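The values are calculated or read from the model by the stated rules, or taken from the named source; none is laboratory data. Fair warning: this is a prediction, and the values are worked out from it, not measured in the lab. All Cβ positions, glycine included, derive from the backbone under ideal geometry; neighbour counts span all protein chains shown. Heavy atoms of the whole protein, side chains included, go into the accessibility calculation; ligands, DNA and RNA do not. Shrake-Rupley method; radii C 1.70, N 1.55, O 1.52, S 1.80 Å.
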Amino acid sequence: MAEQFAELMSRTYQHVVGWGTGSYFDQMVEATEKQMLTLLVDNDKSKWGGCIAGIPVCSPSKLLELDPQETLIIVFSSFFDEIVPTIQACGHIHYLPGRAWVQMQLLRVEEELKRVPDASGTPECAAMLQYKRAGLLRRAGFRWQEIEALEKAIEILPDHAEWHWELGEACEAMNRFDQAASAFAGAIQHELP
């Protein structure tokens, strides 16, 4: 899967299609990321013809109209293995499970971080990228790395109360209660209830 992922990510696609519009989709795709999708497909007929965040929702048969070489399909469903045969029957060969979406976004942020030195002229940018990285790590279930990214963001820009609060929640989830209490105190100090 790692090789397939790397190969798929080395390309640019005309269409990036999300398959599935339920809770898995909501968990995996942030509002600001939805604009990267060209369309959504879903097996639920009641959703066809509608839009989610301005993205049209269509029948899976819409895939027949798209060039398989120019289309990447991200399956936002826990039924990935059951959906793949339908994707393949439509002639498509470029597809990944929804958790790969978070990995794609994480790779993009980490590439940006490599181009932005932590201590030089753009500390705000570095801090925001670390914060964004923390959110992606949280969605991927990597709580330890999320804590590290939040700590880096706060070290650069300590006045963001919500970052302290999220650090407290992450520490609490990892049973690091002393650190959680300290982070929550930092949030209160910076005016977040």
Of the residues in the stretch 61-77, those that are within 22 Å of residue 27 (Cα to Cα) and either of a type in the set (Gly, Ala, Ser) or in a loop (DSSP other than H, G, I, E, B) (or both) come to 76, 77
Residue, nearest to residue 133 (Cα to Cα), within the stretch 22-35, restricted to residues that are at pLDDT 85 or above and open to solvent by 70 Å² or more (accessible area, probe 1.4 Å): 26
Give me the residue from the stretch 137-157 that is open to solvent by 60 Å² or more (accessible area, probe 1.4 Å) and not hydrophobic (A, V, I, L, M, F, W, C) and, out of that set, farthest from residue 27 (Cα to Cα). 155
Candidate set from the stretch 36-60 (those that are in contact with a helix residue (DSSP H, G or I) (Cβ under 7 Å, 6 or more places away or on another chain) and in a loop (DSSP other than H, G, I, E, B)); member that is most open to solvent (accessible area, probe 1.4 Å): 43
Yes or no: the stretch 97-105 includes at least one residue that is of a type outside the set (D, E, K, R), within 18 Å of residue 37 (Cβ to Cβ) and open to solvent by 40 Å² or more (accessible area, probe 1.4 Å). yes
Name the residue that is farthest from residue 98 (Cα to Cα), counting only residues in the stretch 109-122 that are open to solvent by less than 40 Å² (accessible area, probe 1.4 Å) and either among the aromatic types (Phe, Trp, Tyr) or in a helix (DSSP H, G or I) (or both). 113
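Determine whether residue 159 is of a type in the set (D, E, K, R), more than 22 Å from residue 102 (Cβ to Cβ) and at pLDDT 95 or above. Steps first, please.
Details: of a type in the set (D, E, K, R): yes; more than 22 Å from residue 102 (Cβ to Cβ): yes; at pLDDT 95 or above: no.
So residue 159 fails the test.
If a residue must be of a type in the set (D, E, K, R) and in contact with a helix residue (DSSP H, G or I) (Cβ under 9 Å, 6 or more places away or on another chain), how many such residues does the stretch 75-107 contain? Show your work before the answer.
Initially, the stretch 75-107 is screened for residues of a type in the set (D, E, K, R), giving 81-82, 99.
Among the residues that remain, those that are also in contact with a helix residue (DSSP H, G or I) (Cβ under 9 Å, 6 or more places away or on another chain) are: 99.
The number of residues fulfilling the criteria is 1.
Any residue that is closer than 18 Å to residue 30 by Cβ and surrounded by 14 or more Cβ atoms within 10 Å (Cβ to Cβ) - is there at least one of those in the stretch 173-187? Steps first, answer last, please.
Here is the first cut: in the stretch 173-187, the ones closer than 18 Å to residue 30 by Cβ are none.
No.
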